[in-house]
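The structure under discussion appears below in the form of structure tokens.
The values are calculated or read from the model by the stated rules, or taken from the named source; none is laboratory data. Small disclaimer: the values here were computed from a predicted structure and weren't measured. Neighbour counts are summed over all protein chains in view; Cβ atoms, including those assigned to glycine, are modelled from backbone coordinates with ideal geometry. Accessible surface is based on the protein model in full, side chains and every heavy atom, while ligands, DNA and RNA are left aside. Shrake-Rupley method; radii C 1.70, N 1.55, O 1.52, S 1.80 Å.
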Amino acid sequence: MLLPQTNSELIDIVKSGEPLALSGNGTKASWGRVFEGKPVSLKRFSGITDYTPAELVMTAGAGTPLIDVEQALADAGQYLAFEPVDLGPVYGRSRGEQTIGGVIATNLSGPRRPFVGAARDFFLGFKGINGSGEAIKAGAKVVKNVTGYDLPKLIAGSFGTLVAMTEVTLKVVPAPEATAALTLDNLSVAEAQRSMILALGSTTEPTGAVYQPSAARLIFRLEGSAPSVA
């Protein structure tokens, strides 16, 4: 496993011409087809480099652990609206291992995706090394940016096949004032499905829903201002 920590080191690796399999901490290495190539981890490109809560924008190294990003945002009363889930335990890994670069590279989104959008919708810009060994950047550290091609949309979900990302810039949002869970018990699958369709299409606007077959329980998540949630 190669562990570059500077652009120069990463450029030398890319210019070697060998096929490369890029990753952060490799928590999603088993997703999809297996990439054959020399393993290269970008986890040393780590750390939050620019974050001004009032601007609702954060820039961090691609190898920054997601938990560090989420903690910094929580301390400022903000969060990632696309809600990336930690599936590490599902694939035999520990919790808290995934990096923010891996989240963006796989376009990993959670239950809020149908309501607020996917990871790519909050991906404003990046820096990295392209396949020719050139340092590139795209996007900007502003929410509204109309200059050039929207390469971040292309890179999100590309699983590290198009560019070796070293830095990412994300749009963040204020955390909801209040959160509540509404539980409906003793529902069959068909009843739960009908209830989901009614609730998710209503003005109540739940931001998540889950059905637990073993308990015959349907749970909705409500978020927003305290009076609205009540």
**Message:** Between Ile219, Ile155, which is under 26 Å from the mean Cα position of the chain (by Cα), within 30 Å of Pro19 (Cβ to Cβ) and surrounded by 13 or more Cβ atoms within 10 Å (Cβ to Cβ)?
**Reply:** Ile155
**Request:** Identify the single condition in (1) over 17 Å from Val173 (Cα atoms); (2) modelled with pLDDT of 95 or more; (3) open to solvent by 10 Å² or more (accessible area, probe 1.4 Å) that Ala72 does not satisfy, given that it satisfies every other one.
**Result:** (1)
**Asked** What number goes with the only condition from (1) crowded, with 18+ Cβ neighbours inside 10 Å; (2) assigned to a strand (DSSP E or B); (3) at pLDDT below 95 that Arg93 does not pass?
**Response** (2)
**Prompt:** What do you reckon, is Leu124 more than 20 Å from Asn25 (Cα to Cα) and either assigned to a helix (DSSP H, G or I) or in contact with a Cys (Cβ under 7 Å, 6 or more places away or on another chain) (or both)?
**Reply:** no
**Request:** Filter the range 128-151 down to the residues that are touching a strand residue (DSSP E or B) at 6+ places or on another chain (Cβ under 8 Å) and modelled with pLDDT under 70, then identify the one that is nearest to Glu18 (Cα to Cα).
**Result:** Gly148
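Here are Arg217, Arg194: which of them is farther than 30 Å from Val69 by Cβ, among the charged types (D, E, K, R), at pLDDT 95 or above and touching a Leu at 6+ places or on another chain (Cβ under 8 Å)?
Arg217
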**Request:** Scan the range 1-23 for residues that are over 11 Å from Leu42 (Cα atoms), open to solvent by less than 60 Å² (accessible area, probe 1.4 Å) and not in a strand (DSSP E or B) and report the count.
**Result:** 3
**Request:** Exactly one condition in (1) more than 18 Å from Ala135 (Cα to Cα); (2) in contact with a Gly (Cβ under 9 Å, 6 or more places away or on another chain); (3) in a strand (DSSP E or B); (4) in contact (Cβ under 8 Å) with a residue 40 or more places away in the chain is not met by Pro39; state its number.
**Result:** (4)
**Message:** Pairs needed: first member in the range 72-89, under 21 Å from Gly157 (Cβ atoms); second member anywhere, of a type in the set (Ser, Thr, Tyr) and surrounded by 13 or more Cβ atoms within 10 Å (Cβ to Cβ); C-beta distance under 6 Å; at least 6 residues apart or different chains.
**Reply:** Phe82/Ser109; Gly88/Thr27
